[in-house]
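In what follows, a single structure is set out as structure tokens and then discussed.
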Amino acid sequence: MARIALVTGGTRGIGAAISKALKETGHTVIANYAGNDEKAKAFSDETGIHVEKFDVSDHAVCAARLPEIEAAIGPIDVVVNNAGITRDTTFHRMSWEQWSAVIDTDLSSLFSVTRPLINGMRDRGFGRVINISSINGQKGQMGQVNYSAAKAGVIGFTKALAQENARKGITVNAVCPGYIDTDMVAAVPEKVLESIIAAIPVGRLGQAGEIGKLCAYLASEDAAFITGATMTINGGQYIT
Ligand code: NDP
């Protein structure tokens, strides 16, 4: 069955790969983005995927836009909460703005995006909520107290929401990528990148497409028995 899927931050990096994988598995995909119009247009032209610009860290905007999008396109059965940012620095130097920006975008957005969609999923008896966390939410990472806290919060959100909705045909899962070959990682100096790769048992970075395929599987009917799970996909770098 062709279902409608929303991927936040779905026009670049890992989100773009998730959008493409969901399209390949028959979904009608809506890829959200924040501000990079040029990149979003190029992505939409290349893939034919519908793009929607709104700020997932703004609660009022999400509350207004999501019902409008559903009214225009149809009910959203699959949501991938992927949009995320970093504002790295050590905690003793961290500003309230650096803390808040990451908590608002990487954690509070899960409330603002999922809350307007969950009752429709419950009424229809089907839903897939997939939340992109991080290896650094599992193990903690120095220089990322804000990001580690937000991404650990994503896992708690996932486990509680999964329990509340399991009888309604809705699964809720977290995906924790390790280091993925995106623009962000490509910008790391070569020597630092070498040491990162040396710490990954499989000996390479992950590919965004590998995260996309995992999300497409979690979104499928076949994954109905997987809920509340924390899926690590990190080349063995952190084994839970
Ligand atoms: P990118 O920086 O490449 O892309 C981020 C995407 O999120 C863009 O589409 C961006 O839109 C969008 N976005 C950012 N802020 C907002 C906002 N407030 N509202 C709406 N959209 C927003 O990120 P990655 O692909 O690297 O990461 C994707 C997710 O995976 C994140 O949650 C990240 O924390 C997580 N992750 C990444 C890892 C990695 O190695 N890259 C490892 C582990 C987890 P725009 O283009 O308009 O700016």
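The values are calculated or read from the model by the stated rules, or taken from the named source; none is laboratory data. What you see is a predicted model, and the numbers here were worked out from it, not measured in a lab. For neighbour counting, all protein chains shown are included, and Cβ atoms are generated from backbone atoms with ideal geometry for every residue, glycine included. With ligands, DNA and RNA removed, areas are computed over all heavy atoms of the protein, side chains included. Shrake-Rupley method; radii C 1.70, N 1.55, O 1.52, S 1.80 Å.
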request  = Name the most mobile residue of Gly178, Gly35, Gly228, meaning the one with the largest mean-square fluctuation, in a Gaussian network model of the chain with Cα contacts below 10 Å.
outcome  = Gly35
ask   = Cα-Cα pairs above 21 Å in the stretch 70-185: how many percent?
value = 41
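Just for the stretch 1-120, what percent of DSSP beta bridges are antiparallel, to the closest 5? Intermediate values should be presented prior to the final figure.
Details: 0 of 12 bridges.
Around 0 percent antiparallel, to the nearest 5.
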message = Can you tally the net charge around Ala166? Count Lys and Arg as +1, Asp and Glu as -1, for every other residue whose Cβ sits under 14 Å from the Cβ of Ala166.
response = +4
ask   = Looking at this model, which pairs from Lys159/Lys213; Lys191/Lys213; Lys20/Lys159; Lys39/Lys213; Lys20/Lys139; Lys41/Lys151 are more than 24 angstrom apart at the alpha-carbon?
value = Lys191/Lys213; Lys20/Lys159; Lys20/Lys139; Lys41/Lys151
query = So what's the Cα pair-distance distribution over the chain, bin width 5 Å, in %?
reply = 1, 7, 14, 19, 21, 18, 12, 6, 2, 1, 0
ask   = Which value, in Å² rounded to 10, gives the accessible area of Cys215 with a 1.4 Å probe and all protein chains present?
value = 0
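How many percent of the accessible area of the stretch 114-232 is carbon or sulfur, using a 1.4 Å probe? Before the final figure, lay out the partial values.
Details: 3100 of 5600 Å².
Answer for the stretch 114-232 is 55 percent, counting heavy atoms of protein chains only.
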key: Leu205 accessible area, 1.4 Å probe, all protein chains in place, Å² to nearest 10   = 20
note = With all protein chains in place and a 1.4 Å probe, Glu194 shows an accessible area in Å² (nearest 10) of 90
query = What list of whole percents do you get for P(r) of the stretch 8-103, with Cα-Cα distances grouped in 10 Å bins up to the one holding the largest distance?
reply = 15, 43, 29, 11, 2
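Rank these residues by their accessible area, most exposed first, probe 1.4 Å: Val78, Val202.
The ordering from most to least exposed comes out as Val202, Val78.
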key: Probe 1.4 Å, accessible area per residue of the stretch 23-112, Å²   = 52
ask   = In the Gaussian network model of the chain, springs joining C-alpha atoms below 10 Å, which of Ser19, Ser57, Ser220 carries the largest mean-square fluctuation?
value = Ser220
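FRET efficiency for Ser100 and Asn36, Cβ-Cβ distance as r, R0 = 22 Å, nearest 0.05?
Values: r = 22 Å, r/R0 = 0.98.
Computed FRET efficiency for Ser100 and Asn36 comes out at 0.55.
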ask   = Taking springs between alpha-carbon atoms closer than 10 angstrom, which of Thr47, Thr25, Thr230 fluctuates most in the Gaussian network model of the chain?
value = Thr47
query = For the chain, what does -39500 (n - 2.57) per DSSP helix run (n ≥ 4), summed and divided by total residues, give at 222 nm, in deg cm²/dmol to the nearest 500?
reply = -14500 deg cm²/dmol
